[in-house]
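The values are calculated or read from the model by the stated rules, or taken from the named source; none is laboratory data. Predicted model, so just to flag it, every value in this text is computed and none were measured. Here the Cβ is made from the backbone with ideal geometry for all residues, glycine too, and neighbour counts use every protein chain on show.
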Amino acid sequence: MKRSASALWQGGLKDGKGTVSTESGVLKQSPYSFRTRFEGQPGTNPEELIAAAHAGCFSMALSAELGKAGMTPETIRTAATLTMENIASGWTVTQIHLEVRVKLPNVEASKFEAAANAAKAGCPISRLLNAKITMDAKLES
């Protein structure tokens, strides 16, 4: 299986601008720039897209792990917060924190924790990233 996306950049780093598009068309010439990446201007950036991919991937992986254990969640909400730091070798994604909230009635906490940890380790985006990945996974009533 292969998936593709494309980017077009025009101009210099700080005064230029670009667009990103996905094969599926979900993103179609979505704008990004230095300002949306580093200065908080509204718009997307590569790190935000990675965080979104990780949140979506993890949620599906957790659903799969829970299913293997005979459990079906009502809902899984995952927020991924990506940290990028300017270290000696340059700007680097150094951490992603997953904030996970799951509605799952009548479950043993130990079974839930095992499934969450397996999902964190097994999610393809988790395995892709060369960054520390932390998580706070909780059951909701």
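Against the condition touching an Asp or Glu at 6+ places or on another chain (Cβ under 9 Å) and surrounded by 15 or more Cβ atoms within 10 Å (Cβ to Cβ), how does Arg3 come out, does it pass?
Here the answer is no, as Arg3 does not meet what is asked.
What do you reckon, is Lys14 in contact with a helix residue (DSSP H, G or I) (Cβ under 8 Å, 6 or more places away or on another chain) and part of a loop (DSSP other than H, G, I, E, B)?
Yes, satisfied.
Do we find that Ala55 is hydrophobic (A, V, I, L, M, F, W, C), at pLDDT 95 or above and under 17 Å from Ile133 (Cα atoms) in this structure?
So Ala55 passes the test.
Going by what's in this entry, would Met60 be described as modelled with pLDDT under 95, assigned by TED's automatic domain parsing to the domain that holds Val107 and surrounded by 10 or more Cβ atoms within 10 Å (Cβ to Cβ)?
Spelling it out, it is not the case that Met60 is modelled with pLDDT under 95, assigned by TED's automatic domain parsing to the domain that holds Val107 and surrounded by 10 or more Cβ atoms within 10 Å (Cβ to Cβ).
Would you point out which residue out of Thr81, Thr92, Thr75, Thr19 is within 23 Å of Ile125 (Cα to Cα), at pLDDT below 95 and assigned by TED's automatic domain parsing to the domain that holds Asn106?
Among Thr81, Thr92, Thr75, Thr19, only Thr92 is within 23 Å of Ile125 (Cα to Cα), at pLDDT below 95 and assigned by TED's automatic domain parsing to the domain that holds Asn106.
Return the residues of region 70-117 that are of a type outside the set (Val, Ile, Thr), closer than 16 Å to Met60 by Cα, surrounded by fewer than 18 Cβ atoms within 10 Å (Cβ to Cβ) and out of contact with any Pro (no Cβ under 8 Å at 6 or more places or on another chain); say none if nothing qualifies.
Result: Gly70, Arg77, Ala79, Glu99, Arg101, Glu113, Ala114, Asn117.
Under 23 Å from Arg127 (Cα atoms), of a type in the set (A, V, I, L, M, F, W, C) and touching a residue at least 12 places away in the same chain (Cβ under 8 Å), is that true of Leu66?
yes
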